[in-house]
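Enquirer: There's a structure below that I have some questions on.
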């Protein structure tokens, strides 16, 4: 069994950090449940300069290591690893975030999972010479039976795997999205995900 897991807002509570930070930096009090778009610049109504500054702060090692674990994540993933499943964390974070992202996983008992930085959103900062950095042509060579993802913008990366079952991690920014097919199942937390992956 091969499982794909997105990092931010699946394994850890990244958006909750942004809600706090945007209030601190720009005085914008946007409740977590009102973060309606995966595009945080749009959700928080930021200028390009404000958004880029906030994203730069979010990708510093200290901040990446500070994100709270989503309840049940490590426990569930370790159960799968113990059962012999192959688990890969496929993040859209830039490759410059690989080191602290790997450290976060290790600190949360997820030393055995593979971590890849996948250029999902066409951002700069990806190293084509690293085995842990995936461009789309590299990603499409991989196979998965299940995927856990919160971002509607990433759903297109599953079209090449018609038998893939996608667990959509329920978040405010994906609730208005139409799920692409019957193989997409909305799950409210790790208990629901665990119950649907066997």
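Enquirer: Quick one: residue 104 ticks every box in (1) under 18 Å from residue 3 (Cβ atoms); (2) touching a residue at least 60 places away in the same chain (Cβ under 8 Å); (3) touching a helix residue (DSSP H, G or I) at 6+ places or on another chain (Cβ under 7 Å) bar one, so which box is it?
Expert: (1)
Enquirer: Same structure again: State whether one or more residues within region 120-139 are in a loop (DSSP other than H, G, I, E, B), without any contact (Cβ under 8 Å) to a residue 12 or more places away in the chain and either in contact with a helix residue (DSSP H, G or I) (Cβ under 6 Å, 6 or more places away or on another chain) or farther than 22 Å from residue 59 by Cβ (or both).
Expert: First pass over region 120-139, keeping only residues in a loop (DSSP other than H, G, I, E, B): 120-132, 135.
Now restrict to residues that are without any contact (Cβ under 8 Å) to a residue 12 or more places away in the chain: 122, 128-129, 131.
Pick out the ones that are also either in contact with a helix residue (DSSP H, G or I) (Cβ under 6 Å, 6 or more places away or on another chain) or farther than 22 Å from residue 59 by Cβ (or both) and you get none.
Scanning region 120-139 turns up no residue that is in a loop (DSSP other than H, G, I, E, B), without any contact (Cβ under 8 Å) to a residue 12 or more places away in the chain and either in contact with a helix residue (DSSP H, G or I) (Cβ under 6 Å, 6 or more places away or on another chain) or farther than 22 Å from residue 59 by Cβ (or both).
Enquirer: Determine which single condition residue 59 fails, assuming it passes every other condition in (1) in contact with a helix residue (DSSP H, G or I) (Cβ under 6 Å, 6 or more places away or on another chain); (2) in the same structural domain as residue 27 (by TED's automatic domain parsing); (3) at pLDDT 95 or above.
Expert: Just one mismatch for residue 59, condition (3).
Enquirer: Please report, ordered by residue number, the helices (runs of 4 or more DSSP H) entirely within region 13-84 with at least 3 residues that are surrounded by 15 or more Cβ atoms within 10 Å (Cβ to Cβ), over 17 Å from the mean Cα position of the chain (by Cα) and without any contact (Cβ under 8 Å) to a residue 60 or more places away in the chain.
Expert: Working: elements: 14-26, 40-43, 48-58, 61-66, 73-82.
Because the criterion is at least 3 residues that are surrounded by 15 or more Cβ atoms within 10 Å (Cβ to Cβ), over 17 Å from the mean Cα position of the chain (by Cα) and without any contact (Cβ under 8 Å) to a residue 60 or more places away in the chain, the helices (runs of 4 or more DSSP H) in region 13-84 that meet it are 14-26, 48-58.
Enquirer: If residue 95 satisfies all but one of (1) more than 13 Å from the chain's Cα centre (by Cα); (2) at pLDDT below 95; (3) surrounded by fewer than 20 Cβ atoms within 10 Å (Cβ to Cβ), what's the number of the condition it fails?
Expert: For residue 95, the failing item is (3).
Enquirer: I would also like to ask the following. Could we say that residue 149 is at negative phi and modelled with pLDDT of 95 or more here? Let's see the steps before the verdict.
Expert: Numbers: at negative phi: yes; modelled with pLDDT of 95 or more: yes.
Taking the combined requirement at face value, the residue satisfies it.
Enquirer: Taking region 141-183, which residues are assigned to a helix (DSSP H, G or I) and either closer than 18 Å to residue 89 by Cβ or touching a strand residue (DSSP E or B) at 6+ places or on another chain (Cβ under 9 Å) (or both)? Walk me through it before giving the result.
Expert: Within region 141-183, the subset assigned to a helix (DSSP H, G or I) is 152-158, 172-174.
Matches in region 141-183: 152, 153, 154, 155, 157, 158, 174.
Enquirer: Another one. Among (1) more than 21 Å from residue 64 (Cα to Cα); (2) touching a residue at least 24 places away in the same chain (Cβ under 8 Å), where does residue 185 come up short?
Expert: Among (1) more than 21 Å from residue 64 (Cα to Cα); (2) touching a residue at least 24 places away in the same chain (Cβ under 8 Å), the lone unmet condition for residue 185 is (2).
The values are calculated or read from the model by the stated rules, or taken from the named source; none is laboratory data. Bear in mind the structure is a predicted one, so any value in this text is a computation, not a measurement. A quick note on method: Cβ atoms are made from the backbone with ideal geometry, for glycine too, and the neighbour counts reach across all protein chains shown.
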